[in-house]
Amino acid sequence: MLVAAVCGWLSTLAPDGGAARLAAAKGKAPGPKSEAPEPKPEPPPPPPPDCTQAKCLALTFDDGPAESTGELLDILASRNVKATFFLVGENAAKRPDLVRRTHAAGHELADHGYTHADLGRASKKTIVSELTRTQDAIRNASGVTPVLLRPPYGSTSERLARVTRRMGMAQVLWTVDPFDWRNRDTDDIERRVVKQAKPGGIVLLHDIHRTTVRAVPEIVDRLAAKGYVFVTVSELFGGKLTPGKEYRELESGAGQGHP
Ligand code: NI
């Protein structure tokens, strides 16, 4: 058992770097330099696409983090897809490790209220408390302060618009809704999203349901085959979202081929 543990430990310690060192040593005469390979800096991530030209789609995941979020992060990483996560504050406070991991993987973290309250009917005091506590939970876990809010149930109001404007947050709704919270059928969810997707769209999904998470590989593969590129919500709008304003999709651009 000890041997197995040590081997496992060694194999995690000697990834590609070990092989590269060996190859380098074979090709070169031994010298002081070949003993210490220069550390390779991580290449910077490629710039996001221009969504007024490219066929962009923003996948968004609400209500987490939950146990199933880890599985989703693996799926997105394997396909190099970035998404936006609208976190419920009390869930973020319970699972700071998943919040951190989501941020480290390059996804966008956003606010979905602390207790999933109906903010469109809430008092100013409740709205401020719901948003501030969620921002704090996300910041404590990841160092990031979200600037996007998805009001639970899509319920908004003039008052919510005023408060979010003052807090510097834009409101993000959606274009595509497969009702995955009600319909727990992976094939149905996948079919609905693929059918309703359009350039500049925002897809509403819930990573708290495994039936949804398991629809994501096919959704991504089938839409990528149709030429879609997946971006975060901020990337979809070129990083220019106005606080207080509601966003449902990136309005038609000349290059997008829709009216
Ligand atoms: Ni929700």
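Could you check, for segment 213-224, whether at least one of its residues is more than 18 Å from the chain's Cα centre (by Cα) and within 16 Å of the ligand (Cβ to nearest atom)?
So far as segment 213-224 goes, no, none of its residues is more than 18 Å from the chain's Cα centre (by Cα) and within 16 Å of the ligand (Cβ to nearest atom).
In segment 80-98, which residue that is assigned to a helix (DSSP H, G or I), in contact with a helix residue (DSSP H, G or I) (Cβ under 7 Å, 6 or more places away or on another chain) and not aliphatic (A, V, I, L, M) is nearest to the ligand (Cβ to nearest atom)?
Among those residues, the one meeting the criterion is Gly89.
Filter segment 116-133 for residues that are within 16 Å of the ligand (Cβ to nearest atom) and assigned to a loop (DSSP other than H, G, I, E, B); which is surrounded by the fewest Cβ atoms within 10 Å (Cβ to Cβ)?
Asp118
Going through segment 109-157 one residue at a time, which ones are within 17 Å of Ile208 (Cα to Cα) and in contact with a Lys or Arg (Cβ under 8 Å, 6 or more places away or on another chain)?
Correct list: Ala110, Asp111, His112, Tyr114.
Which of (1) modelled with pLDDT under 95; (2) buried (at least 22 other Cβ atoms within 10 Å of the Cβ) does Val233 not meet, given it meets every other one?
(1)
Considering each of Thr126, Thr69 in turn, give the residue that is of a type in the set (S, T, N, Q) and touching a Phe, Trp or Tyr at 6+ places or on another chain (Cβ under 9 Å).
Criteria check complete, one pass: Thr69.
Give me a count of the residues in segment 194-231 that are part of a strand (DSSP E or B) and among the basic types (Lys, Arg).
Counting residues in segment 194-231 that are part of a strand (DSSP E or B) and among the basic types (Lys, Arg) gives 0.
If you check every pair at least six apart or on different chains, which have Cβ atoms under 8 Å apart with a residue in segment 126-148 that is in contact (Cβ under 8 Å) with a residue 60 or more places away in the chain and within 21 Å of Leu241 (Cα to Cα) first and a residue that is assigned to a loop (DSSP other than H, G, I, E, B) and of a type in the set (A, V, I, L, M) second?
Final answer for the pair search is Val147/Met169; Val147/Leu241; Leu148/Met169; Leu148/Leu241.
Pull up segment 142-156, narrow it to residues that are surrounded by fewer than 15 Cβ atoms within 10 Å (Cβ to Cβ) and at negative phi, then point me to the one that is nearest to the ligand (Cβ to nearest atom).
Per the criteria, the residue is Ser155.
Condition (residue is within 15 Å of the ligand (Cβ to nearest atom), in a loop (DSSP other than H, G, I, E, B), of a type in the set (Phe, Trp, Tyr) and under 26 Å from Arg79 (Cα atoms)) applied to segment 160-178: is it met by at least one residue?
For segment 160-178, residues within 15 Å of the ligand (Cβ to nearest atom), in a loop (DSSP other than H, G, I, E, B), of a type in the set (Phe, Trp, Tyr) and under 26 Å from Arg79 (Cα atoms): present.
Only one of (1) away from the ligand (no atom under 16 Å from the Cβ); (2) modelled with pLDDT of 95 or more; (3) in a loop (DSSP other than H, G, I, E, B) is not met by Ala77, so which one is it?
That leaves (3) as the condition not met.
From the list Gly113, Gly106, which residue is on the phi > 0 side of the Ramachandran plot, in contact (Cβ under 8 Å) with a residue 60 or more places away in the chain and either more than 16 Å from the ligand (Cβ to nearest atom) or under 19 Å from the mean Cα position of the chain (by Cα) (or both)?
Among Gly113, Gly106, only Gly106 is on the phi > 0 side of the Ramachandran plot, in contact (Cβ under 8 Å) with a residue 60 or more places away in the chain and either more than 16 Å from the ligand (Cβ to nearest atom) or under 19 Å from the mean Cα position of the chain (by Cα) (or both).
The values are calculated or read from the model by the stated rules, or taken from the named source; none is laboratory data. What you see is a predicted model, and the numbers here were worked out from it, not measured in a lab. Here Cβ is always computed from backbone atoms with ideal geometry, including for glycine, and neighbour counts include all displayed protein chains.
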